[in-house]
Amino acid sequence: MRPLTAADLTDLFRLMAVRIDTERLALGALDGAIGDADHGNSMAEGFSALAHACAEAESRGVAAGDLFAIAAHAFLGAVGATTGPLYASAFLQAGQRFAGQATIDPVDLTEILGDFSVAIAQRGKASPGDKTMLDVWTPAARAVAEARSKGSGAIARLDGAVAAAIEGREATRAMVAAAGRAARLGPRTLGHVDPGAASAAIIIVALRDGMTAFLARGSK
């Protein structure tokens, strides 16, 4: 199993950007029900910016492990709303794990789900059950940890994370927002999927799909 290079990691970020952009309008509609309808545009612009920044950095020979910090700054520069600092913190946390590494082991890359969960919780001052993106990131990270304890490989870990992410996303329908801007609407948020949870699930599915394709190429 070959490790991921900076070019491979950039490809993963590009796939995330494409998937988010494809769902831009749907995410905006979800946000329009309980927010200001800008989540789809913010996420699409943020991931487009980080994908372009990482591609440029990769062309200059930046190490794979150092792309996370570049992604963080690019996302924050493109997204000034609440989501910007949350994902910037998440990418920076992941970057601390891999700083300076020329390549990244595929199994090790799955640990970024835990990094994202921790960083977003700390920065956002929210908890699972508050009807936020943490209702996806936290169970997905937990699924990776459980799979790790069983000695599972990268794709098995990510398959578990995807299942947990989708379940977490759907669970937000039955929640009343207790954090973020949606909290001001209180009971009116009941019955709606949280847009941040929806976009988090898209990112995790894209990571699994991208890694599956990467490993399939490496086995040929």
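The values are calculated or read from the model by the stated rules, or taken from the named source; none is laboratory data. Not measured: the values here are computed from a predicted model. As a convention, Cβ positions derive from the backbone with ideal geometry for all residues, glycine included, and neighbour counts pool all protein chains shown. Ligands, DNA and RNA are excluded from the accessible area calculation, which covers all protein heavy atoms including side chains. Shrake-Rupley method; radii C 1.70, N 1.55, O 1.52, S 1.80 Å.
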Between the alpha carbon centres of the range 166-190 and the range 14-66 the gap in Å comes to 23 Å
Here the convex hull volume per residue of the range 95-209, taken over Cα atoms and given in Å³, is 95 Å³
Rounded to two decimals, the Rg over Rh value of the range 1-88 from Cα coordinates and the Kirkwood Rh reads 1.04
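In whole percent, what relative contact order does the chain give with Cα contacts below 8 Å and a gap of six or more residues?
Reported as a whole number, the value is 22 percent.
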Scoring only Lys, Arg, Asp and Glu (+1, +1, -1, -1) among other residues with Cβ under 14 Å from the Cβ of H52 yields -3
On the accessible surface of the chain, probed at 1.4 Å with all protein chains in place, carbon and sulfur together account for a percent value of 55 percent
Computed over the chain, the distribution of all Cα-Cα distances in 5 Å bins, rounded to whole %, is 1, 8, 15, 20, 22, 16, 9, 5, 2, 1, 0
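Please compute the per residue accessible area over the chain with all protein chains in place, 1.4 Å probe, rounded to a whole number of Å².
In whole numbers, the chain has 42 Å² accessible per residue.
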In whole µm²/s, the translational diffusion coefficient that Stokes-Einstein assigns to the range 165-207, given a Kirkwood hydrodynamic radius over C-alpha pairs, 4 °C and 1.567 mPa s, equals 123 µm²/s
Ordering 33-40, 72-79 by per-residue average of other C-beta atoms within 10 angstrom, highest first, gives 72-79, 33-40
A correct Kirkwood calculation over the Cα atoms of the range 74-125 returns a hydrodynamic radius in Å of 11.5 Å
Put R2, R157, R208 in order of accessible area, largest first, probe 1.4 Å, and you get R2, R208, R157
A correct Karplus calculation of ³J(HN,Hα) over the range 144-158, with 6.51 cos²θ - 1.76 cosθ + 1.60, θ = phi - 60°, whole Hz and x for Gly and Pro, returns 5, 4, 5, 5, 4, 5, 9, x, 6, x, 4, 6, 4, 5, 6
Sequence order, the range 196-202: Karplus ³J(HN,Hα) from phi using 6.51 cos²θ - 1.76 cosθ + 1.60, θ = phi - 60°, Hz rounded, Gly and Pro as x, gives x, 5, 5, 5, 4, 5, 4
